[in-house]
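J.: My questions will all concern the structure given below.
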Amino acid sequence: MKSCMFAGLFRNSDFRTAVEGAAKAGYEGIEVRFAKPHMDFDTPADQLKVYSRMIADSGLFPASLYTFTGNYSVRSDREIDEVEFPNAKRVFEAACVLGTPLVKITVGGPSPHRAQNYHFEKAAFWHRRTAELAKTFGLKVVYEIHAGALCETVDSSMRFMNMVDCGNAGFIHDPGNMYIAGDHYGRFAVDRFGAKIMHLHIKDIKKIKDADGKDKWVHAPLNTGEVNHQEVFQALKDIGFTGYLSTEVNIDGMDPMQAAVHEYKEIRRMIDACN
């Protein structure tokens, strides 16, 4: 297992700052965020090549490209056909320039307790086409487990994955998101997902009360919240996972460099603690 930093930690800085921050903190990889101010659909290929060299020169591996393309289940067929599906092709082209083997495509909602069969069927149809397109580029697509999405729980995620039924499609396992959803995220989830886990997002979560006294979930520095990541890491090692663990923490008011260093140290400590 290898450490990785999601460039979104430095979402208020330029891409060079994100790359330099990841390298300085000690990470082995970086998860590239396909959104401003780092890059987007208007970023020319020559600039993407500059970014690719920047990553390589920093000694990092471009583990994944995180995009916001997708959400097929809640879009019209016309919007998908004219905008979102062509956008998928464009992010695959960008991934090839950057050298990222994985591309995150957004599954979208609604959450499984509100979804109808047609949400799953429509999403699976278009995500299958997207995965097949990615395969022509030599890429894999990954779907983030996320509260409020079709892929929210172990059961709903496996239902969706079985409907997509593509060998180059897998999950970004996100224990923090599954904790928020109130579902299994540890050994049970890892064993069920198995080889479909291609990447991970690592962030701790704690529950607080908002101004109205309602429950609210917020990010916390790793191993100060309520998510048992050590169990997840051990389960991953037991199934032979060798991919990247990408820190995704986003704490209001916390310096991103400080956050990057803290998360790196905790990730490495937990990797080293595995039997």
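The values are calculated or read from the model by the stated rules, or taken from the named source; none is laboratory data. Small disclaimer: the values here were computed from a predicted structure and weren't measured. Because the Cβ atoms are built from the backbone with ideal geometry, glycine has one as well, and the counts that use them run over all protein chains shown. Just so you know, the surface numbers come from the protein's heavy atoms only, side chains and all, with ligands and any DNA or RNA stripped out. Shrake-Rupley method; radii C 1.70, N 1.55, O 1.52, S 1.80 Å.
J.: Kindly evaluate ASN275 against the criterion of being in a loop (DSSP other than H, G, I, E, B), modelled with pLDDT under 95, open to solvent by 50 Å² or more (accessible area, probe 1.4 Å) and within 19 Å of GLY176 (Cβ to Cβ). Full working, then the answer.
T.: Values: in a loop (DSSP other than H, G, I, E, B): yes; modelled with pLDDT under 95: yes; open to solvent by 50 Å² or more (accessible area, probe 1.4 Å): yes; within 19 Å of GLY176 (Cβ to Cβ): no.
Against the criterion (in a loop (DSSP other than H, G, I, E, B), modelled with pLDDT under 95, open to solvent by 50 Å² or more (accessible area, probe 1.4 Å) and within 19 Å of GLY176 (Cβ to Cβ)), ASN275 does not qualify.
J.: Determine whether PHE193 is at pLDDT 95 or above and in contact with a Cys (Cβ under 9 Å, 6 or more places away or on another chain).
T.: Working: at pLDDT 95 or above: yes; in contact with a Cys (Cβ under 9 Å, 6 or more places away or on another chain): no.
Spelling it out, it is not the case that PHE193 is at pLDDT 95 or above and in contact with a Cys (Cβ under 9 Å, 6 or more places away or on another chain).
J.: Identify the residue in region 110-148 that is of a type in the set (Ser, Thr, Tyr) and open to solvent by 70 Å² or more (accessible area, probe 1.4 Å) and, among all such residues, is farthest from the chain's Cα centre (by Cα). Walk me through how you get there before you give the answer.
T.: Taking region 110-148 and keeping what is of a type in the set (Ser, Thr, Tyr), we get 111, 118, 130, 136, 143.
When the remaining residues are screened for being open to solvent by 70 Å² or more (accessible area, probe 1.4 Å), the result is 118, 136.
On the way: TYR118: 25, THR136: 22 Å.
The extreme case among them is TYR118.
J.: Consider only pairs whose beta carbons are under 9 Å apart and that are at least six residues apart or on different chains; among these, list those whose first residue lies in region 64-89 and is touching a residue at least 40 places away in the same chain (Cβ under 8 Å) and within 19 Å of HIS119 (Cβ to Cβ) and whose second residue is surrounded by fewer than 14 Cβ atoms within 10 Å (Cβ to Cβ) and of a type in the set (D, E, K, R).
T.: Here the result reads SER73/GLU121, each pair linking region 64-89 to a residue that is surrounded by fewer than 14 Cβ atoms within 10 Å (Cβ to Cβ) and of a type in the set (D, E, K, R).
J.: Let me ask another. Can you tell me which residues in region 149-193 are open to solvent by 20 Å² or more (accessible area, probe 1.4 Å) and part of a helix (DSSP H, G or I)?
T.: ASP155, MET158, ARG159, ASN162, MET163, TYR179, ILE180, ALA181, ARG187, PHE188, ASP191, ARG192
J.: Restricted to region 54-86, and to residues that are within 30 Å of ALA23 (Cα to Cα) and in a helix (DSSP H, G or I), which residue is least open to solvent (accessible area, probe 1.4 Å)?
T.: ILE55
J.: Taking interchain pairs and intrachain pairs at least six residues apart, which have beta carbon atoms under 7 angstrom, with the first residue in region 204-222 and in contact (Cβ under 8 Å) with a residue 40 or more places away in the chain and the second exposed (fewer than 10 other Cβ atoms within 10 Å of the Cβ) and hydroxyl-bearing (Ser, Thr, Tyr)?
T.: none
J.: Let me ask something else about it. Report whether or not ALA124 is closer than 30 Å to ALA45 by Cα and either modelled with pLDDT of 95 or more or touching a strand residue (DSSP E or B) at 6+ places or on another chain (Cβ under 8 Å) (or both). Steps first, answer last, please.
T.: Details: closer than 30 Å to ALA45 by Cα: no; either modelled with pLDDT of 95 or more or touching a strand residue (DSSP E or B) at 6+ places or on another chain (Cβ under 8 Å) (or both): yes.
Criteria not met by ALA124.
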